[in-house]
Every structure is written in structure tokens, then in C-alpha cells.
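The values are calculated or read from the model by the stated rules, or taken from the named source; none is laboratory data. Please read these numbers as outputs of a predicted model, since none were measured by experiment. All Cβ positions, even for glycine, are placed from backbone atoms using ideal geometry, and neighbour counts span all protein chains on display.
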Amino acid sequence: MLSATEFYEIPRSLEIVLWIEVVVYLGIGIFELFDDFIVKPRPWMTINGRVNGYIRIKDTVGHKMHAGICFLLGFIALNGLLEGHVTRFELELIFVSFAILMPVIIASLLPGRLTMVILLTKPEFWLQGVMFFSFSDLIRPEVLFLCVGLNLWGVVVYAFHTRKNLFKPFTYAAVRADCLDAEGEAFTSKIDKMAGYKVTSERAN
């Protein structure tokens, strides 16, 4: 474990992780922080023939919170690359940032093939794995336990809330029906492709 004031020279493996964070998270963070005049309201925000301002502002708050986390994660990575080294606290911030994002992803897993599609296409899944495997010995054990606990919380929410309350039954057909109502046919067809779902004339009727 690093001491509180010790510098850790960045090895190639961590350098790769940091560059991915800069490109992905700093890029997302900057874009989402300043996309106010670009983002269009989603179909589900329309009630009684007009966009509901309350629903849109609630969605914007969550959107900007996501932007803030991404920006900070990318900023920490960029600072480490520019300095050529990181401190224990910077490493812990990277661990905790991933551990905050991962429970949301785990708790949002959808049935069938979409489970693996969601997991394998999220950079957090891979980057957190690399950090745990390669650098967990450099941070404080209590911070490591916190990160493990946050991930396990995502599993608990998935098992006892998502699967039991959000979709009944917990099948792609139920997910698809809600998605169709909320987003429309064009968006749902993209989800169908990821899920390996074939729309037949019988199903369409």
C-alpha cells in the first residue's frame, strides 16, 4: 500500500487505463456539461401533447450528475498523465468512481442476451477489473472494501428490486413493450438487434 504522501510512477498498464479514461470520460463529461442547447426531449417526456417541464428538468439533473462524475474521473486521469505519477488518494478516487458507476449498471441489467451486451459494452466493467487486478494493493483496504460493497449493492438491487418490481415478468418481451411505449418503434428496433429479437408478423400483430 502506498503512503499518504508517496508518489507512484505510472506504469504502461495504468497509462493505458488513464488514457482510456481521458478519452471516454473526459470527453463525455465535457460534452454532457455543455449540451443544453443540443439535447432534444425524449418521446416519454411528452404528456398531454406537450413536453412536461418537470420531467425534463428531473432528467436533466441526472444527466448533469452523470456528466460531473465523468468529468472528474477524466480530469483525475489527465492530471496523472501530465504529472507522470499519481498519489494513493488519486488511485482511490479512480477506484471509488468506478464503484459508484458500476452498481447503476448492475442494477440496470436486462434479461436475456442484453445482460452480457450491457456488461461487455461498458468501459467501467473492464477498467474496474483492471484496477482491481493490478492496483488494489496500492490503496487502503477499507477503500477497497467500500468499492466491493458498492458493487455488491448493485447485485442486491438487481436481484431484489429490478427483477421483481421493474418488469413483470422479467423477460425481454416485457422490457420491449415498455420500451415501445416510452421510446417508439425506431429506438426499440435498435434494442431488438442487440437482444437478438426477431420481429415476426405474428408478433407485430
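Key figures
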item: Any hit, segment 51-66, residues being over 18 Å from the mean Cα position of the chain (by Cα) and farther than 30 Å from LEU180 by Cβ; result: no
item: Some residue of segment 182-195 being more than 30 Å from PHE7 (Cβ to Cβ), over 21 Å from the mean Cα position of the chain (by Cα) and not in a helix (DSSP H, G or I); result: yes
item: Selected residue (criterion: farthest from HIS161 (Cα to Cα)) from residues of segment 105-150 that are in contact (Cβ under 8 Å) with a residue 24 or more places away in the chain and among the charged types (D, E, K, R); result: ASP137
item: Candidate set: segment 78-111, residues that are among the hydroxyl-bearing types (Ser, Thr, Tyr) and under 16 Å from the mean Cα position of the chain (by Cα); chosen: the one farthest from ALA4 (Cα to Cα); result: SER108
item: Some residue of segment 120-142 being buried (at least 17 other Cβ atoms within 10 Å of the Cβ), part of a helix (DSSP H, G or I) and of a type in the set (Val, Ile, Thr); result: no
item: LEU110 assigned to a helix (DSSP H, G or I) and surrounded by 15 or more Cβ atoms within 10 Å (Cβ to Cβ); result: no
item: Condition met for VAL22 (at pLDDT below 95, under 20 Å from the mean Cα position of the chain (by Cα), farther than 30 Å from ARG163 by Cα and assigned by TED's automatic domain parsing to the domain that holds VAL157); result: no
item: Inter-residue pairs, beta-carbon under 6 Å, first assigned by TED's automatic domain parsing to the domain that holds VAL199 and in segment 168-183, second of a type in the set (Phe, Trp, Tyr), 6+ apart; result: ALA174/PHE167; VAL175/PHE167; ALA182/TRP44
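Table: residues versus (1) among the acidic types (Asp, Glu); (2) under 24 Å from ARG42 (Cβ atoms); (3) at pLDDT below 95.
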site	(1), (2), (3)
GLY80	no, no, no
LEU120	no, no, yes
MET131	no, no, no
GLU142	yes, no, no
LEU146	no, no, no
LEU166	no, yes, yes
